[in-house]
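Take a look at the structure set out below.
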Amino acid sequence: MTESKRKKQIQLSHGGGGKEMNKLIKELFFKAFDNPILKSEEDAARLELKGPTAFTTDSFTVAPLFFAGGDIGKLAIAGTVNDLAMMAARPEYLSCSFIIEEGFELDKLKTIVHSMASEMEKSGAKIVCGDTKVVPKGCADGIFINTSGVGEILQDGISIKNIQAGDAIIVSRDIGRHGAAILMAREGLTLESDLTSDCATLWPIVDELINAQIPLHAMRDATRGGISAVLNEWAVGSDVEITVDEAKLPVADEVKGLCELYGFEPLDLANEGTFVIALPQEYANKAVELIKLHQTAHSGFIGEQAAIIGTVATERAGKVILKTPWGSSRYLDLPQGELLPRIC
Amino acid sequence: MCLSIPSKIVELHPEETSITVDTMGVKRKVSCHLIDEPLALDDYVLIHIGFAMNKIDKADALETLELYKEIAQKMEPES
Amino acid sequence: MLELKQLYQGFRDPTTIANLSKQIAQQAAKVDGDIRIMEVCGGHTHTIMKYGLNQLLPDNIDFIHGPGCPVCIMPKERIDHAIAMASQDNVILVTLGDMIRVPGSKGTLAQCRADGRDIRPIYDPLDTIKIAQDNPDKTVVFFAIGFETSTPMTAVLIEQAEKLAINNLYFHINHVLVPPAIDAVMADPKVKVNAFIGPSHVSVIQGSEIYRPAVDKYGTPVVVSGFEPVDVMESILRITTQKAANVAELDNQYSRAVTPEGNLAAKAIIDKYLCIRPEFRWRGLGPIPNSALMLREAFSHRDAELHFASILPTEEIEDHKACQCGDILRGLCKPKDCKVFGRGCSPESPMGSCMVSSEGACNAYYRYGGIND
């Protein structure tokens, strides 16, 4: 292959602190993430924060890096922004740190960076500091991204400890899409479908709920471990019983199909733009209406399947109960172990 | 035992002894090494670990479902 | 015209289930004594627990969860075999997903993989061909597990390996058979089982007739049943109706997929490559004669048990004495009667076969049970 036809790659020198690294930072990162704090190039970003502030961090590794409905860049922004949003905090400042494997295609990095930039527009968050490391081939799987974020808390009291008997449980859209989309894209399962990940920035819809003065008791985006994990954490955290009506859970056909094929449960699959809310029963319908009507074009969040899926009581505190459409019920447990296809 | 689910045949690949099946919008190629009888588009097959195990008897399934409906109608006046 | 959706929704319909539940109650009222149904198959255990079907039945119908989960019944020494082979340099061990979480005497295949060994959980056995072709310098072992349902797929894989002359592919065969396991359960004079729900995916391959000897020998009804909740409820109704009429017959509820003789092409290919193993030790039930398969002699050049004979451990490993899986599998006691249930023994660190996977009785009770207590 001639040098000119060779795809440009990230080399160890891109993380070496010299000329190549400078070029990468200035021509790619600064251009895409453009803001005065970042460009001031100080050792640390200088921030003006006011009032109670939420602070969160998350590292992103995903195989494949590009999947239907998103890529690792979109995920790295939406993930941290959503963690802030779940505390009713307006996402303000983010840090971003790349660990890149030697030989990673520069074009792929560009795509990832641009998808990060466009995802930030949805919440108004800004990357104000960052770091880039390049590790020798084989020491990382393509690219790892860490983002941290801070934001001002606009509504106090939202907590996993604040769920009360009589609350309603709402899910913001159909569940399990991200986990299903990633599994479908994995090598070895060789599946095809039109399913896309739910990966989306949730701040605009959360902002709307706060503006509508809905008294939110708890919110959580149902990432790894899915809805099952969130509800179990809540039941223990607030020492309450949560009952879920299985018939009311919104699930896309393709997610159902994948679950049938491999013996998974939609409730256990990861989401990246789906959240669960606990709030007083009397506000539940209003919240669902707001989520359903939310203008999707801007944020990418699609809430038309939002539904009230359950209720909170005190009897079997710490437990989540699934009521089947057949009149029976069972405990809904935390998902366990690696997600592997079942044969029986 | 063993998870196995009905799917619909949407493509035939006789040259590689395989078919593409659709399970609620999820498509996958599966082997049909274990099926002797002729397969056609829109047939339903049971899938287990990447293989079609057999053809589902549509008439039989319809008849069963019809029977459940009749039972439901008969039982309704009682309840 | 039958829509695919009907095959799911029609057999999960709440009204149909409610109706069947009523009919079962009517029939069961005519029966003196208890109906103790063994659902042999782990898939049925899963359906019963997941859909809470036991809550829809009268008090005199009880389930005994049988030994029909291929990973649960795998004795620890066979898992130790897998780990011993995978721990050799230049070996790739391929197996179906469920297997890698199950602990042998020295940990699980997942832990072995974390130690840097090349262990690949797959969904489709035929993927092994590509793995072997892509790694001509490695020895690839297919660790074959499963009941009659999963056996013909292994046979096809052997056939492909032979046809394509893939000489670096070996087989460690752990395919087991349902009818001998039923015999082993019924051999105990104290056993309480008096009806069977027959695993129907086994019968998709082997036909419904394979259970006729059990009906004749033990005088118990056997109903071959599908896996949807309506299928299971209808099968319970058919068993209860037989009990009410005091008859014991072989019946096939899953007639949309099961014929009396099964899939002849699948049976032929199994027979070409595999034959009966004189004895196999089942975790929880002990050694059962003629209860498993092995490679035919003509294909011994692919037998991993011969190829790796010098490094495979031969010691049989018993479960802890306190573990009562054997009694649970025979219906002599319930998971909660076991002293170690939920104490020393849990899904995270199973001491016996029934706790190993979500199809095992103890595991299912641990996760879903207790809701009505």
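The values are calculated or read from the model by the stated rules, or taken from the named source; none is laboratory data. Worth saying up front: this structure is predicted, and the values here are computed from it rather than measured. Note that each Cβ is placed from the backbone with ideal geometry, even for glycine, and that neighbours are counted across all protein chains shown. Accessible surface areas use protein heavy atoms only, side chains included; no ligands, DNA or RNA. Shrake-Rupley method; radii C 1.70, N 1.55, O 1.52, S 1.80 Å.
Would you please name the residue that is nearest to A:G300 (Cα to Cα), looking only at residues in segment A:35-71 that are touching a residue at least 24 places away in the same chain (Cβ under 8 Å) and charged (D, E, K, R)?
Applying the filter and picking the extreme gives A:D71.
Please determine, by comparing only the residues of segment A:204-227 that are open to solvent by less than 10 Å² (accessible area, probe 1.4 Å) and part of a helix (DSSP H, G or I), which one is farthest from A:I158 (Cα to Cα).
Within segment A:204-227, the match that is farthest from A:I158 (Cα to Cα) is A:G226.
Given A:G327, A:G318, which one is surrounded by fewer than 16 Cβ atoms within 10 Å (Cβ to Cβ) and closer than 30 Å to C:R101 by Cβ?
Sole residue among the options that is surrounded by fewer than 16 Cβ atoms within 10 Å (Cβ to Cβ) and closer than 30 Å to C:R101 by Cβ: A:G318.
Looking at segment C:205-232, which of the residues that are open to solvent by 10 Å² or more (accessible area, probe 1.4 Å) and of a type in the set (D, E, K, R) is nearest to the other protein chains (Cβ to nearest Cβ)?
C:E228
Do we find that C:T15 is within 12 Å of another protein chain (Cβ to nearest Cβ) and over 27 Å from the mean Cα position of the chain (by Cα) in this structure?
Against the criterion (within 12 Å of another protein chain (Cβ to nearest Cβ) and over 27 Å from the mean Cα position of the chain (by Cα)), C:T15 qualifies.
Quick test of your reading of the structure: C:K5 fulfils all but one of (1) in a helix (DSSP H, G or I); (2) within 17 Å of C:F227 (Cα to Cα); (3) open to solvent by less than 20 Å² (accessible area, probe 1.4 Å); (4) not aliphatic (A, V, I, L, M). Name the failing condition by number.
(3)
Only one residue in B:D22, B:D42 is free of Cβ contacts under 8 Å to residues at least 40 places away in the same chain, facing chain C (nearest Cβ under 9 Å) and either out of contact with any Gly (no Cβ under 9 Å at 6 or more places or on another chain) or farther than 30 Å from C:G360 by Cβ (or both), so which one is that?
Matching residue, one of B:D22, B:D42: B:D22.
Would you please name the residue that is farthest from the other protein chains (Cβ to nearest Cβ), looking only at residues in segment C:173-188 that are under 19 Å from C:C325 (Cβ atoms) and free of Cβ contacts under 8 Å to residues at least 40 places away in the same chain?
Taking the candidates together, the pick is C:A187.
Please go through segment A:249-271 and give me each residue that is acidic (D, E) and either facing chain B (nearest Cβ under 10 Å) or in contact with a Cys (Cβ under 8 Å, 6 or more places away or on another chain) (or both), ordered by number.
A:D253, A:E254, A:E260, A:E265
Of the conditions (1) surrounded by 19 or more Cβ atoms within 10 Å (Cβ to Cβ); (2) within 28 Å of C:I182 (Cβ to Cβ); (3) modelled with pLDDT of 90 or more; (4) more than 9 Å from chain A (Cβ to nearest Cβ), C:L93 clears all except one; give me its number.
Result: C:L93 passes all but (2).
Could you tell me whether A:G300 is crowded, with 18+ Cβ neighbours inside 10 Å, at positive phi and away from chain B (no Cβ under 14 Å)?
For A:G300, the condition - crowded, with 18+ Cβ neighbours inside 10 Å, at positive phi and away from chain B (no Cβ under 14 Å) - is met.
Go through segment C:320-341 and give me each residue that's in contact (Cβ under 8 Å) with a residue 24 or more places away in the chain, over 21 Å from C:E77 (Cα atoms) and buried (at least 17 other Cβ atoms within 10 Å of the Cβ).
C:I328, C:R330, C:G331, C:K334, C:P335, C:C338, C:F341
Consider segment C:96-124. How many of its residues are part of a helix (DSSP H, G or I) and more than 14 Å from chain B (Cβ to nearest Cβ)?
Number of matching residues: 8.
Going through A:A117, A:A140 one at a time, which residue ends up being assigned to a loop (DSSP other than H, G, I, E, B) and open to solvent by less than 60 Å² (accessible area, probe 1.4 Å)?
On inspection, the qualifying residue turns out to be A:A140.
Go through segment C:63-79 and report how many residues are open to solvent by less than 10 Å² (accessible area, probe 1.4 Å) and assigned to a helix (DSSP H, G or I).
Final tally of qualifying residues: 1.
Given the criteria outside any helix (DSSP H, G or I) and under 19 Å from the mean Cα position of the chain (by Cα), does C:I210 qualify?
no
Counting only residues that are open to solvent by 30 Å² or more (accessible area, probe 1.4 Å) and closer than 29 Å to C:V215 by Cα, how many does segment C:147-185 have?
2
Identify the residue in segment C:34-60 that is within 14 Å of chain A (Cβ to nearest Cβ) and among the β-branched types (V, I, T) and, among all such residues, is surrounded by the most Cβ atoms within 10 Å (Cβ to Cβ).
Looking at residues that are within 14 Å of chain A (Cβ to nearest Cβ) and among the β-branched types (V, I, T), I get C:V40.
Hey, among C:H307, C:H301, which residue is free of Cβ contacts under 8 Å to residues at least 12 places away in the same chain and either out of contact with any Ser or Thr (no Cβ under 7 Å at 6 or more places or on another chain) or over 25 Å from C:D216 (Cα atoms) (or both)?
Answer to the selection: C:H301.
Could you say which residue among A:G51, A:G79, A:G17 is surrounded by 12 or more Cβ atoms within 10 Å (Cβ to Cβ) and not aromatic (F, W, Y)?
Among A:G51, A:G79, A:G17, only A:G79 is surrounded by 12 or more Cβ atoms within 10 Å (Cβ to Cβ) and not aromatic (F, W, Y).
Would you point out the residue of segment C:271-291, among those that are surrounded by 21 or more Cβ atoms within 10 Å (Cβ to Cβ) and of a type in the set (A, V, I, L, M), that is farthest from C:N168 (Cα to Cα)?
It comes out as C:L285.
Would a scan of segment A:90-102 turn up a residue that is touching a Gly at 6+ places or on another chain (Cβ under 8 Å) and outside any strand (DSSP E or B)?
no
Would you confirm, using the coordinates I've provided, whether C:Q27 is open to solvent by 50 Å² or more (accessible area, probe 1.4 Å) and at negative phi?
Taking the combined requirement at face value, the residue does not satisfy it.
So is A:V230 crowded, with 24+ Cβ neighbours inside 10 Å and either touching an Asp or Glu at 6+ places or on another chain (Cβ under 8 Å) or part of a helix (DSSP H, G or I) (or both) or not?
Answer is yes for this residue.
Quick check, is A:D198 assigned to a loop (DSSP other than H, G, I, E, B), in contact (Cβ under 8 Å) with a residue 24 or more places away in the chain, surrounded by fewer than 22 Cβ atoms within 10 Å (Cβ to Cβ) and not polar (S, T, N, Q)?
Against the criterion (assigned to a loop (DSSP other than H, G, I, E, B), in contact (Cβ under 8 Å) with a residue 24 or more places away in the chain, surrounded by fewer than 22 Cβ atoms within 10 Å (Cβ to Cβ) and not polar (S, T, N, Q)), A:D198 does not qualify.
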